[in-house]
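One structure below.
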Amino acid sequence: MTPDQADHAAPRNVFLFSGHMIDAPGRAHPRFPADKEPIAREAIARTLAEEGAGPGDLAICGGACGGDLIFAEAALARGLALELYIPFEVPTFLTESVDFAGASWRQRFLTARSQATLYVMSEELGPLPAGQNAYERDNLWMLAAATRFGAEKLGFICLWNGEGSDGPGGTKHLLEQARAMTGRVYWLDTRKLWR
């Protein structure tokens with residue numbers, strides 16, 4: 001936790017999000033096709049509305065194209081404070097997690113960033129220790145940030161197909177960690193949503 005985080009007034013609720021990125025062009029096994037974005041956007045907005053999320057609440061997520069930015073936009077539209085946590089410096093993050101999906105996603109990241117508090121892992125936590133995975137470390141860092149006001153305030157929302165991730169530190173990893181902290185888990189199962 002950084003000093004400015006400690007100074008924030010305690011929110012009523014903290015909504016932590018993890019979810020799939022938009023599929024890269026040519027992805028062999030589609031997971032989040034771009035044409036499913038309206039479905040994801042509606043499901044995320046509905047979940048926040050059902051939980052009464054609004055001013056006085058805090059939203060925490062990464063900033064990747066797809067689920068993260070859709071959640072960030074939905075949270076901002078409802079008046080939540082927003083914190084973005086990214087594992088790499090912004091140029092590297094944009095290359096790895098945003099730009100492949102098209103220029104509109106870069107603009108959406110920059111717009112969300114302009115209304116959020118951005119935390120860059122290497123700047124806040126220092127270099128990645130040997131043997132650690134950047135995405136797993138980022139997940140644990142977001143979870144620590146989300147529970148800094150007390151685990152009882154935490155609600156975890158995920159947009160996920162129920163499968164393992166493409167690599168370490170994906171949605172499954174954060175879901176497992178969050179379930180140990182809260183019973184307020186909202187799984188938006190893409191296997192059902194995409195039907």
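The values are calculated or read from the model by the stated rules, or taken from the named source; none is laboratory data. In this text the structure is predicted, and so the values were computed from the model without any measurement. As a convention, Cβ positions derive from the backbone with ideal geometry for all residues, glycine included, and neighbour counts pool all protein chains shown.
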Those residues that are part of a helix (DSSP H, G or I) and surrounded by 12 or more Cβ atoms within 10 Å (Cβ to Cβ), I need them from the range 123-143; list them, please.
Glu124, Leu125, Ala134, Tyr135, Glu136, Arg137, Asp138, Asn139, Leu140, Trp141, Met142, Leu143
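So that you can scan it fast, the table gives a plain yes or no per residue for (1) closer than 25 Å to Gly155 by Cβ; (2) of a type in the set (Phe, Trp, Tyr); (3) touching a Gly at 6+ places or on another chain (Cβ under 7 Å):
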position	(1), (2), (3)
Tyr85	yes, yes, yes
Thr92	no, no, no
Leu110	no, no, no
Leu118	yes, no, no
Glu123	no, no, no
Pro127	no, no, no
Gly131	no, no, no
Asp138	yes, no, yes
Determine which member of the set Gly164, Gly170 is touching a Gly at 6+ places or on another chain (Cβ under 8 Å), surrounded by fewer than 13 Cβ atoms within 10 Å (Cβ to Cβ) and under 21 Å from Ala64 (Cα atoms).
Gly164
Which residue pairs have Cβ atoms closer than 7 Å, lie 6 or more positions apart in sequence or on different chains, and pair a first residue in the range 117-140 that is acidic (Asp, Glu) with a second residue that is part of a helix (DSSP H, G or I)?
Glu136/His173; Asp138/Met121
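Scan the range 65-101 for residues that are over 22 Å from Thr47 (Cβ atoms) and in contact (Cβ under 8 Å) with a residue 40 or more places away in the chain and jot them down. Working first, answer last.
Residues of the range 65-101 over 22 Å from Thr47 (Cβ atoms): 86-101.
If the condition is that a residue be over 22 Å from Thr47 (Cβ atoms) and in contact (Cβ under 8 Å) with a residue 40 or more places away in the chain, then Ile86, Pro87, Phe88, Ser97, Phe100, Ala101 are the ones that fit.
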Which residue is farthest from Ala49 (Cα to Cα), if the candidates are limited to the range 6-30 and must be modelled with pLDDT of 95 or more and charged (D, E, K, R)?
Asp23
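Condition test on Cys61, is it at pLDDT 95 or above, over 24 Å from Phe149 (Cα atoms), of a type outside the set (Gly, Ala, Ser) and surrounded by 23 or more Cβ atoms within 10 Å (Cβ to Cβ)?
Values: at pLDDT 95 or above: yes; over 24 Å from Phe149 (Cα atoms): no; of a type outside the set (Gly, Ala, Ser): yes; surrounded by 23 or more Cβ atoms within 10 Å (Cβ to Cβ): yes.
So Cys61 fails the test.
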Mind checking which pairs have a first residue in the range 181-194 that is under 17 Å from Ala53 (Cβ atoms) and a second that is hydroxyl-bearing (Ser, Thr, Tyr) and not in a helix (DSSP H, G or I), Cβ under 9 Å, 6 or more apart or different chains?
Thr182/Thr147
So, in the range 65-91, of the ones that are under 15 Å from Leu16 (Cβ atoms) and of a type in the set (Phe, Trp, Tyr), which residue ends up surrounded by the most Cβ atoms within 10 Å (Cβ to Cβ)?
Phe71
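Are there any helices (runs of 4 or more DSSP H) wholly within the range 10-120 with 2 or more residues that are over 21 Å from Trp160 (Cβ atoms), and if so which?
67-77, 90-97, 103-114
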